[in-house]
Amino acid sequence: PLAELLTDAQGAFQFDGVAGEVLWLDAEGPGGVATAQARPGDDVVLRLSASAVVVHLRDAEGRPVGEATVTARSVDTGAVRRFPVVAPNGDARVEVAPGTWDLSVEVDGRGRGGPERAVVAAGAQAEVTLRLEPGVVAQGFVRDEATGLPLNGVRVTATVRNGIHLARFSVATDARGSFALPPQPPMAWVEFSHPGYHRWGTQVANLGSAAVALKALPNPQGQQQGEPQYEGVGMLLALRGALIVVDGVNAGSPAEAAGVQPGDVIVAIEGAPTRPGDINDVVSRVRGPAGSPVRVRFERQGRQFELVLRRRVLLL
């Protein structure tokens with residue numbers, strides 16, 4: 001938990017009701033900054049000092065990095081300070097208390113660099129150069145392990161630890177099962193998740209351009225015996241004139257996960273056009289054994305697109 005307050009006219013402060021054995025104190029004012037470690041009940045004097053670290057931000061090729069987040073962690077007290085930096089020439093000044101600091105840099109979508117250590121004297125400034133680690137581009141496609149067919153809507157998430165903070169970036173596979181992540185640090189963890197399938201993950205350095213196969217779960221989660229069930233994709237259909245239209249989508253269904261929306265018109269199934277007004281034919285062709293795929297072509301606002309939906313056991 002974080003608590004903040006302002007000092008009074010005499011420069012005094014008091015935190016009431018704080019918990020924990022060790023507290024990190026961080027002060028900032030016109031005279032500079034100070035940091036200290038204390039325990040509940042201690043009397044602490046924080047002496048502000050106009051000390052700083054000049055940080056030279058560079059990418060893997062040595063070019064200036066103009067916008068980033070710099071994190072400084074005190075080796076002496078454990079205090080952590082984060083600085084959003086905008087510096088067109090890649091050089092920034094961050095104010096820290098005297099002592100020893102580990103500094104690192106993070107750029108959304110590009111990776112991170114560091115830590116580098118700086119020893120800062122009172123009233124002085126130190127210098128460090130932080131370079132972004134060469135990023136690894138992760139791209140490929142995701143398929144069903146049993147059938148080899150592409151999976152649409154798989155969530156691909158890269159997680160990077162920066163000190164005590166976690167940064168996440170995610171994308172979803174398209175109708176062809178393809179995905180592409182921006183450059184990530186080699187140690188970033190990439191996880192693949194999709195309803196009805198086992199999660200799978202690996203370090204981005206082990207991934208590269210790869211085909212990922214996800215294994216379907218043996219049984220739908222949360223299924224209870226005795227409840228009415230059917231095997232399908234979770235679309236409620238209706239007739240609009242001669243058009244066969246999605247009237248609703250069941251929550252948690254394959255259709256919802258794939259992005260099917262009410263109002264979408266079904267124009268073809270497995271490449272064969274639908275028959276005008278024959279809703280029963282569409283229902284019988286969309287339904288099928290759980291775990292099997294069905295390829296459906298939709299029309300939305302004049303634009304056609306195709307999705308591969310994997311049938312599941314669903315509750316009526």
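The values are calculated or read from the model by the stated rules, or taken from the named source; none is laboratory data. Because the structure is a prediction, the values reported are computed rather than measured. Virtual Cβ from ideal backbone geometry, glycine too; neighbours counted across all protein chains shown.
What's the number of the only condition in (1) modelled with pLDDT under 80; (2) over 19 Å from the mean Cα position of the chain (by Cα) that Arg176 fails to meet?
Result: Arg176 passes all but (1).
Residue under question is Thr69, and the condition is that it be part of a loop (DSSP other than H, G, I, E, B) and of a type in the set (Ser, Thr, Tyr); does it hold?
Values: part of a loop (DSSP other than H, G, I, E, B): no; of a type in the set (Ser, Thr, Tyr): yes.
It is false that Thr69 is part of a loop (DSSP other than H, G, I, E, B) and of a type in the set (Ser, Thr, Tyr).
When only residues in the stretch 26-54 that are among the polar types (S, T, N, Q) and under 35 Å from the mean Cα position of the chain (by Cα) count, which is surrounded by the fewest Cβ atoms within 10 Å (Cβ to Cβ)? Don't jump to the end; show me each part of the working.
As a first pass, look at the stretch 26-54 and keep what is among the polar types (S, T, N, Q): 35, 37, 49, 51.
Okay, now just the ones that are also under 35 Å from the mean Cα position of the chain (by Cα), so 35, 37.
Details: Thr35: 24, Gln37: 15.
The extreme case among them is Gln37.
Restricting the stretch 76-100 to residues that are buried (at least 18 other Cβ atoms within 10 Å of the Cβ) and within 28 Å of the chain's Cα centre (by Cα), which is nearest to Leu25 (Cα to Cα)?
Only one residue tops the list, namely Ala79.
Of all residues in the stretch 276-308, count the ones that are assigned to a strand (DSSP E or B) and surrounded by 12 or more Cβ atoms within 10 Å (Cβ to Cβ).
The first filter runs over the stretch 276-308 and keeps only residues assigned to a strand (DSSP E or B), leaving 293-300, 303-308.
Next, from what is left, pick out any that are surrounded by 12 or more Cβ atoms within 10 Å (Cβ to Cβ): 293-300, 305-308.
Qualifying residue count for the region: 12.
Given the structure, is Pro88 under 23 Å from Gln184 (Cα atoms) and at pLDDT below 90? Give the derivation first.
Details: under 23 Å from Gln184 (Cα atoms): yes; at pLDDT below 90: yes.
Yes; evaluated as a whole, the condition is true for this residue.
Please state which one of Leu23, Leu57 is more than 21 Å from Gln125 (Cα to Cα) and under 33 Å from the mean Cα position of the chain (by Cα).
Details: Leu57 fails: more than 21 Å from Gln125 (Cα to Cα).
The match here is Leu23.
Looking at Phe83, Phe15 in this structure, which one is in a loop (DSSP other than H, G, I, E, B) and among the aromatic types (Phe, Trp, Tyr)? It would help to see each step written out before you state the result.
On the way: Phe83 fails: in a loop (DSSP other than H, G, I, E, B).
Exactly one residue qualifies, and that residue is Phe15.
Working only within the stretch 238-264, note down all residues that are modelled with pLDDT of 85 or more, surrounded by fewer than 17 Cβ atoms within 10 Å (Cβ to Cβ) and in a strand (DSSP E or B).
Answer for the stretch 238-264, where residues must be modelled with pLDDT of 85 or more, surrounded by fewer than 17 Cβ atoms within 10 Å (Cβ to Cβ) and in a strand (DSSP E or B): just Leu243.
Could you tell me whether Arg287 is over 30 Å from Pro186 (Cα atoms), charged (D, E, K, R) and modelled with pLDDT under 85?
Working: over 30 Å from Pro186 (Cα atoms): yes; charged (D, E, K, R): yes; modelled with pLDDT under 85: no.
No: the conditions fail for Arg287.
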